[in-house]
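Accompanying notes for the structure given below.
Since every read-out is calculated from the coordinates, none of them should be taken as a lab result. A quick note: this is a predicted structure, and the numbers were derived from the prediction, not measured. Neighbour counts run over all protein chains shown; Cβ positions are idealised from the backbone, glycine included.
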Amino acid sequence: MVQALALDLGAETVLHPDDGVDAVRDACHGELPRVVIECSGAAAAQRLAIDAVARRGTVAFVGNSYHETVIRVSQDLIFRGISLIGCWHYNTGSTGRLFEQIAAHPDLSRRLITHRFPLHAIGEAWTLQRGRDCGKVIIRP
């Protein structure tokens, strides 16, 4: 579901962590990316992001994770010189631009929201979201 949604919303390529570094290189025309933004929070995808970023590149983690991801300080950071950053919130200074993008692309925004639940079904909504087989989930009061 998530991979199909990404393609529907305009992604050129969707990879699974099992596809590995070579698939990332192939998708990037023979090069490894200098910047990787990992949004899923899946430990295997986080590990692939670290493995697949170019030397002296940067990996940004924005997907919340409930699992541990192995980071090998010497092999990953020191020898390859990569930077890891994380962010779990949005910058309120960018909120205006975010709303402008939503207003400019209402069809994309509607497709990104795949499920809507009434407030009394919040448990079901949370279970669905945690299962990661959906886009954005909206709770309505």
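Taking a ≥ b ≥ c as the square roots of the eigenvalues of the Cα gyration tensor, region 2-86 is classed as oblate, since a/c reaches at least 1.5 and a/b does not exceed b/c. How about region 36-131: which chymotrypsin sites (Phe, Trp or Tyr not before Pro) there lie in a loop by DSSP and see at most 13 other Cβ atoms within 10 Å? Here the sparse-neighbourhood loop sites are TYR66, PHE79, TRP88, TYR90. Computing FRET efficiency as 1/(1 + (r/R0)^6) for ASP133 and ILE78, where r is the C-beta to C-beta distance and R0 is 25 Å, gives about 0.10.
Annotation: amide H-H contacts under 5 Å for ILE37 (H modelled 1.01 Å from N, sequence separation of 5 or more, or interchain): ALA60.
With the convex hull of its Cα atoms as the shape, region 12-60 has an orientation-averaged projected area of 3.1 nm².
With N the number of residues in region 92-140, Rg(Cα) / (2.2 N^0.38 Å) evaluates to 1.33.
Here's how it looks for SER65: its modeled amide H is under 5 Å from none belonging to a residue 5 or more places away or on a different chain.
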